[in-house]
Amino acid sequence: MDQSVRKYFDSVAADREPHMTALHKLITDLYPDVIVDMSYKMPTYRRGDGWVALASQKRYVSLYTCGAHHLARFKERHPEIKTGKGCINFKAGERLPLADVRQVVKHAIEHSKG
């Protein structure tokens, strides 16, 4: 892992660390060849034109995608989880629906244009 990415993960608050670690593992397990760097001051996972990013915010961990269309199915299945235009916000201690998050990541990485 890039030193700046490692430094970011090392600075994550303890209550958000489990989500950050689980999401990082999900992404890197799906795409072992993914390039991880720091873009927009957060760990960003790139493969071809597709990307997702993680951020530890004040009250949650965010999974960012390169477009709102990547989240449509997730929003339908999980209306109780806060989402933005192109991101999902997981509160500390909230269950991660990993199978559905996996689909969001795959869609964002593999179908970045549409």
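Observations
- Residue of T83, T21, T65 that the Gaussian network model of the chain assigns the largest fluctuation, springs spanning Cα pairs under 10 Å: T21
- Positive dipole terminus of the chain, leading residue within L96, T44, S4 (C-beta point charges): L96
- 14 Å Cα-Cα reach of K106 towards aspartates and glutamates, excluding residues that sit fewer than 8 places from it in its own chain: D29, D33, D49
- Low-density loop cleavage sites - chymotrypsin sites (Phe, Trp or Tyr not before Pro) in the stretch 38-109, where at most 16 other Cβ are within 10 Å (DSSP): Y40
- Calculated P(r) of the stretch 3-114 - Cα pairs past 16 Å, %: 54
- Exposure check, 1.4 Å probe, all protein chains in place: R77 carries approximately 120 Å² of accessible surface.
- GNM result for the chain, Cα springs below 10 Å: residue of A72, A92, A53 fluctuating most strongly: A72
- Only DSSP H runs of four or more residues enter the estimate; each adds -39500 (n - 2.57), and after division by the residues of the chain the mean residue ellipticity at 222 nm equals -10500 deg cm²/dmol.
- In this calculation the C-beta distance from R102 to E76 is compared with R0 = 22 Å, giving a FRET efficiency of 0.85.
- Contour minus Cα-Cα distance for T28 and R59 (0.36 nm per residue): 8.7 nm
- The figure for M42 is an accessible area of roughly 30 square angstrom, using a 1.4 Å probe on the protein chains alone.
- Largest GNM mean-square fluctuation across L23, L98, L54, computed for the chain with C-alpha springs under 10 Å, falls on L98.
- Using a probe of 1.4 angstrom and keeping all protein chains present, the accessible surface of the chain works out to 57 square angstrom per residue.
- The portion of the accessible surface of the chain made up by carbon and sulfur, rounded to a whole percent, is 50 (1.4 Å probe; DNA, RNA and ligands excluded).
- Accessible-area order (highest first, 1.4 angstrom probe) of the listed residues C87, C66: C66, C87
The values are calculated or read from the model by the stated rules, or taken from the named source; none is laboratory data. Predicted model, so just to flag it, every value in this text is computed and none were measured. With ideal geometry, Cβ positions are generated from the backbone for all residues, glycine too; neighbour counts draw on all protein chains shown. The accessibility values were calculated without ligands, DNA or RNA, using every heavy atom of the protein model including side chains. Shrake-Rupley method; radii C 1.70, N 1.55, O 1.52, S 1.80 Å.
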